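The values are calculated or read from the model by the stated rules, or taken from the named source; none is laboratory data. In this text the structure is predicted, and so the values were computed from the model without any measurement. When we count neighbours, we look across all protein chains shown, and the Cβ atoms used for this are built from the backbone with ideal geometry, even at glycine. Only protein heavy atoms, including side chains, enter the accessible area calculation; ligands, DNA and RNA are left aside. Shrake-Rupley method; radii C 1.70, N 1.55, O 1.52, S 1.80 Å.
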Amino acid sequence: MPQAKAYSVASATSPFESDTIPRREPTATDVAIEILYCGICHSDLHQARDEWHDAMPTVYPCVPGHEIVGKVTAIGSEVTKFKVGDTVGVGCLVDSDHTCPNCKNNLEQLCPNMVLTYNFPDRHGTAPVTYGGYSESIVVDEKMVLRIPDNLELSATAPLLCAGITTYSPLKRGGVGPGKKVGVVGLGGLGHMGVKLAKAMGAHVAVFTTSPSKSDDAKRLGADEVVLSKDPAQMDAQAGTFDFILDCVSAKHDINAYLNLLGADGELCLVGAPSEPLEVNAFTLLMARRKLSGSLIGGIAETQEMLDFCGQHNVTADVEVIPIQQLNAAYERLEKSDVKYRFSIDMASIKGA
Ligand code: NAP
Ligand code: ZN
């Protein structure tokens with residue numbers, strides 16, 4: 001079995017350490033990829049530390065990473081979409097059954113038999129669970145591999161594979177565009193992509209942040225307004241005025257404060273995944289027929305659509321590029337909401353690890 005260098009955690013409280021993992025030989029429909037950059041999503045932190053234990057317990061060793069861009073190094077005999085040397089992406093999904101009603105509707109992320117890029121039972125039997133992108137290489141079925149537009153800078157493109165699609169999909173489904181007032185809650189990796197994408201779609205965008213130091217950046221990223229969410233007067237001034245609010249917060253918080261800001265029939269969509277339950281005041285929903293929804297990444301076709309949209313509009317993430325040896329320090333900063341606005345690992349650094 002071929003081996004690849006990777007960084008893994010051995011338990012919920014262990015630091016990342018250099019490791020070696022198995023990667024399968026490409027099957028007839030597989031694409032082998034040399035990973036160039038991998039973004040660090042807050043989901044990686046939730047999983048590495050087993051914070052989602054009740055919903056998806058973490059199997060150790062765990063190699064996170066689902067914001068992958070790289071170059072094709074080998075293809076199976078039946079691969080038609082890609083050739084050696086192509087620049088490609090892999091997001092949160094590496095397989096699904098391709099036959100269920102959701103797959104037939106291009107919603108592989110809702111397939112009961114989907115396989116996530118890491119910490120999911122490995123159907124190929126290469127290892128007990130799938131291993132993600134904190135690694136020098138990965139092997140993925142071509143159906144789950146994406147084309148990267150030529151004009152996009154690669155370190156800043158990696159985060160589109162999760163943060164990009166996770167915000168694009170609900171914004172599009174929510175009818176976001178010219179004439180709509182959209183709120184983005186939490187200016188982190190997802191939130192800053194939400195701002196850029198909602199602006200590119202033509203909406204009026206307000207950012208809600210707990211971090212006064214992010215105000216100037218929010219405007220630079222395209223926000224029309226910035227609201228400090230800990231200031232009740234600033235929150236009250238926005239009551240009842242929003243069509244759509246995208247909640248990208250990673251920790252427990254009061255969603256009723258944001259539901260109150262929606263107008264009649266307005267929608268608050270949760271993409272943030274706090275480990276603790278959130279409380280909802282029924283009257284806050286009833287009084288203006290407000291809707292509370294959730295969204296999970298996006299399907300493969302929609303992820304390609306998002307990448308092409310980003311190519312056309314020149315949208316990428318704002319990244320801090322780090323060598324993989326700085327993973328543990330990066331996680332400490334991510335936990336403190338102190339990232340401008342996504343870490344992207346330069347995987348060339350793993351060669352010497
Ligand atoms: P991130 O970069 O850490 O950003 C989260 C932001 O939430 C922070 O920057 C901060 O923004 C705000 N925040 C953090 N703690 C807070 C608190 N206690 N109260 C209020 N606001 C707080 O994380 P991310 O990578 O964007 O991910 C965000 C969440 O989305 C995570 O839970 C992740 O697992 C989830 N996620 C879901 C999907 C999906 O498919 N639904 C996909 C990817 C990620 P301010 O400093 O501006 O307040
Ligand atoms: Zn993610």
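Structure notes:
- Residue in region 1-18 that is nearest to V139 (Cα to Cα), counting only those that are touching a helix residue (DSSP H, G or I) at 6+ places or on another chain (Cβ under 6 Å), buried (at least 21 other Cβ atoms within 10 Å of the Cβ) and not β-branched (V, I, T): Y7
- In the set (1) under 30 Å from C248 (Cα atoms); (2) of a type in the set (A, V, I, L, M, F, W, C); (3) surrounded by 15 or more Cβ atoms within 10 Å (Cβ to Cβ), the condition left unmet by I21 is number (1).
- The lone exception for I148 - which of (1) outside the structural domain of R23 (by TED's automatic domain parsing); (2) closer than 30 Å to V79 by Cβ; (3) not small (G, A, S) it fails: (1)
- Residues of region 243-265 classified as free of Cβ contacts under 8 Å to residues at least 40 places away in the same chain and closer than 23 Å to I165 by Cβ, total: 2
- E136 open to solvent by 40 Å² or more (accessible area, probe 1.4 Å), at pLDDT 95 or above and touching a strand residue (DSSP E or B) at 6+ places or on another chain (Cβ under 7 Å): yes
- The helices (runs of 4 or more DSSP H) found wholly in region 141-202 and carrying at least 3 residues that are under 22 Å from M235 (Cα atoms), within 10 Å of ligand 1 (Cβ to nearest atom) and open to solvent by less than 40 Å² (accessible area, probe 1.4 Å) occupy 189-200.
- Residue match in region 213-222 (condition: acidic (D, E), within 16 Å of ligand 1 (Cβ to nearest atom) and assigned to a loop (DSSP other than H, G, I, E, B)): no
- Residue within region 298-319 that is acidic (D, E), under 21 Å from I40 (Cα atoms), at pLDDT 95 or above and in contact with a Lys or Arg (Cβ under 8 Å, 6 or more places away or on another chain) present: yes
- Being open to solvent by less than 30 Å² (accessible area, probe 1.4 Å), more than 30 Å from L307 (Cα to Cα) and out of contact with any helix residue (DSSP H, G or I) (no Cβ under 8 Å at 6 or more places or on another chain) is a property that does not hold for Q234.
- Qualifying residue in region 75-86 (condition: under 18 Å from the mean Cα position of the chain (by Cα) and of a type outside the set (S, T, N, Q)): no
- Entry remark, region 273-331: residues being closer than 30 Å to A257 by Cβ, among the polar types (S, T, N, Q) and away from ligand 1 (no atom under 16 Å from the Cβ) number 2 in total.
- Of the residues contained in region 197-213, none is found to be under 18 Å from the mean Cα position of the chain (by Cα), at pLDDT 95 or above and under 26 Å from D50 (Cα atoms).
- Every residue from region 87-104 that is acidic (D, E) and in contact with a strand residue (DSSP E or B) (Cβ under 6 Å, 6 or more places away or on another chain): D95
- Residue check, V90 within 18 Å of T126 (Cα to Cα) and of a type in the set (A, V, I, L, M, F, W, C): no
- For region 268-290, the set of residues classified as touching a strand residue (DSSP E or B) at 6+ places or on another chain (Cβ under 8 Å) and more than 22 Å from G189 (Cβ to Cβ) consists of V280, L285, A288, R289, R290, listed by residue number.
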